[in-house]
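The values are calculated or read from the model by the stated rules, or taken from the named source; none is laboratory data. It should be emphasised that the depicted structure is a prediction, and the values quoted were computed from it without experimental measurement. Please note: Cβ atoms are built from the backbone with ideal geometry, for glycine as well, and neighbour counts cover all protein chains shown.
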Amino acid sequence: MGLAPDVIEQRVKEAAELTGLDPKLLERSPFDLSGGQMRRVATAGILAMNPDILVLDEPTAGLDPAGRDELLSYILRLQKRGQTIILITNDMDQLAGIADRILILKDGKKFMLGTPAEVFGDKEGISLAGLDMPYTKVFMEAMQCWHPNIASDIFIPDDAVKALINEYSTRRRTWHNR
């Protein structure tokens with residue numbers, strides 16, 4: 001890396017902390033690590049190089065749900081730190097809560113580009129691209145059968161919970177005031 005050993009050590013320590021990596025794992029053989037641990041060690045190594053742009057291709061493939069959530073949480077920490085991240089995935093649920101902008105390619109060409117709200121607001125476009133809407137958006141659309149006033153343009157689980165609590169609180173107040 002062309003850096004002084006103490007600078008390298010500091011960067012590795014910071015990258016390990018950022019990725020939630022136990023520093024003891026850095027001493028172990030890669031053959032003794034789980035898939036998620038190997039991924040974290042590799043990502044920490046890349047982060048220690050301080051790249052301007054981090055490209056992650058299907059980073060959660062093969063991870064169990066807990067590993068997936070940990071990795072997505074880590075990606076959010078990087079994003080909040082100002083790291084530019086290009087996340088390549090066909091899992092729209094992953095993108096829903098992370099992406100600032102979404103580019104969808106079809107047949108190797110730009111097909112859709114916009115904010116998550118713009119992209120997920122185009123149901124036909126998502127379908128034509130051969131992708132699935134985020135499960136939360138599908139759920140919120142289904143909820144409109146019982147709650148027509150609830151927003152259907154919600155695609156982030158935390159936002160859906162807030163909207164449902166608000167809807168039920170409003171209905172409960174209305175019912176009690178009768």
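Between Leu18, Leu71, the distinction of being in contact (Cβ under 8 Å) with a residue 60 or more places away in the chain, under 18 Å from the mean Cα position of the chain (by Cα) and either surrounded by 15 or more Cβ atoms within 10 Å (Cβ to Cβ) or under 18 Å from Leu95 (Cα atoms) (or both) belongs to Leu18 only.
Considering only residues that are under 17 Å from Ile156 (Cβ atoms), without any contact (Cβ under 8 Å) to a residue 24 or more places away in the chain and under 16 Å from the mean Cα position of the chain (by Cα), look in segment 96-129 and name the one that is surrounded by the fewest Cβ atoms within 10 Å (Cβ to Cβ). Step by step, filter segment 96-129, then rank; the result is Asp100. Pairing residues of segment 148-165 that are under 13 Å from Ala117 (Cα atoms) with residues that are surrounded by fewer than 16 Cβ atoms within 10 Å (Cβ to Cβ) and of a type outside the set (Asp, Glu), at Cβ distances under 6 Å and at least 6 apart in sequence or on separate chains, gives Ser152/Gln144.
Scanning segment 1-27 for residues that are within 24 Å of Asp69 (Cα to Cα) and either among the basic types (Lys, Arg) or in contact with a His (Cβ under 6 Å, 6 or more places away or on another chain) (or both) yields a count of 2. Among the residues of segment 128-145, those identified as over 16 Å from Ala96 (Cα atoms) and assigned to a helix (DSSP H, G or I) are Leu128, Ala142, Met143.
Only one entry of Asp93, Asp52, Asp57 meets the criterion of being among the charged types (D, E, K, R) and farther than 26 Å from Ile156 by Cβ, and that entry is Asp52. Within segment 125-163, how many residues are out of contact with any Asp or Glu (no Cβ under 8 Å at 6 or more places or on another chain) and modelled with pLDDT under 90? Of the residues in segment 125-163, 6 are out of contact with any Asp or Glu (no Cβ under 8 Å at 6 or more places or on another chain) and modelled with pLDDT under 90. The helices (runs of 4 or more DSSP H) found entirely in segment 1-110 that carry 3 or more residues being farther than 30 Å from Glu124 by Cα are 5-18, 35-48, 65-80.
Search segment 76-95 for residues being among the charged types (D, E, K, R) and surrounded by fewer than 12 Cβ atoms within 10 Å (Cβ to Cβ), and hand back the single one that is modelled with the lowest pLDDT. First the steps, then the outcome.
Within segment 76-95, the subset among the charged types (D, E, K, R) is 77, 80-81, 91, 93.
If we keep only those that are surrounded by fewer than 12 Cβ atoms within 10 Å (Cβ to Cβ) too, we end up with 80-81.
Working: Lys80: 89, Arg81: 85.
Restricting to residues being among the charged types (D, E, K, R) and surrounded by fewer than 12 Cβ atoms within 10 Å (Cβ to Cβ), the top hit is Arg81.
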